[in-house]
C-alpha cells in the first residue's frame, strides 16, 4: 500500500511541525497537512519515496533534504523550499529509473560533499545515467525555454565521459499547478519541443514530468 506523502515528509523531517493554511508558510510544513486524494503530484511523490525506501536509498534522500532545507521550518524562505523540492524531484527521478530501467543507485556527480553535490542515478545494467533536474518558477515562456537549455547543458556536464544519459526534467509545483506547464496544452507543447531540441543537442534521452508525477510522464524518449 502506498504511503502518504505527508507521512513520509513527517518521517524524514520530524523537526518541522505540520502547518495548515494559516500556519508557518514553510512549503514542507504545509505539505505535511495535504492528502493525495484527487491530487496526483502528492500521490506520486509518496510512491516515489516508497520506491526509494525499497531500493535502500532513503538515507541519501534524508541527508540531502536536511542539507537543502534543515530539519526546521523556514518561515517561507523560498530558496530553502525550492532546494527541498529539488531533492524531492531527485527521488522521483530515482523512482522512474528503477521502475523503467532496473536497479539503480544515487551517485554523487562531483567530488563535493555528497549531501550537497549534484546527483545522478546510475543504472548499471544499461551503463546509463538518469540526471535529475527541476525547472524553477519563472514568469515567462522565454525564461522557461532558457531554463530547459540550462538544465540540459548541466545534465551533460554531470555525465561521466562517454556515458549514456537521460535528462529528467520535473516542472515546478505551485498551488494552481493544473493551470501551469505540463497541463495546459499551449504551455506544454513549446516545453516539449524545447526539451527535444536541447536534449538532442547534447546526445541525451529525456523525460518530462508534471510536478512530481514520475509515474505518468508528459513525454519520455530514451
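The figures follow:
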{"quantity": "Residue within region 62-78 that is surrounded by fewer than 17 Cβ atoms within 10 Å (Cβ to Cβ) and over 25 Å from residue 175 (Cβ atoms) present", "calculated": "yes"}
{"quantity": "Strands (runs of 3 or more DSSP E) within region 70-173 that include 1 or more residues within 15 Å of the chain's Cα centre (by Cα), over 19 Å from residue 13 (Cβ atoms) and at pLDDT 95 or above", "calculated": "119-123, 128-134, 164-170"}
{"quantity": "Which numbered condition residue 56 fails, given (1) in a helix (DSSP H, G or I); (2) surrounded by fewer than 18 Cβ atoms within 10 Å (Cβ to Cβ); (3) modelled with pLDDT of 95 or more", "calculated": "(1)"}
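The values are calculated or read from the model by the stated rules, or taken from the named source; none is laboratory data. Keep in mind that what you see is a predicted model, and the values were worked out from it rather than measured. Reconstructed Cβ throughout: ideal geometry from the backbone, glycine too, with neighbour counts over all protein chains shown.
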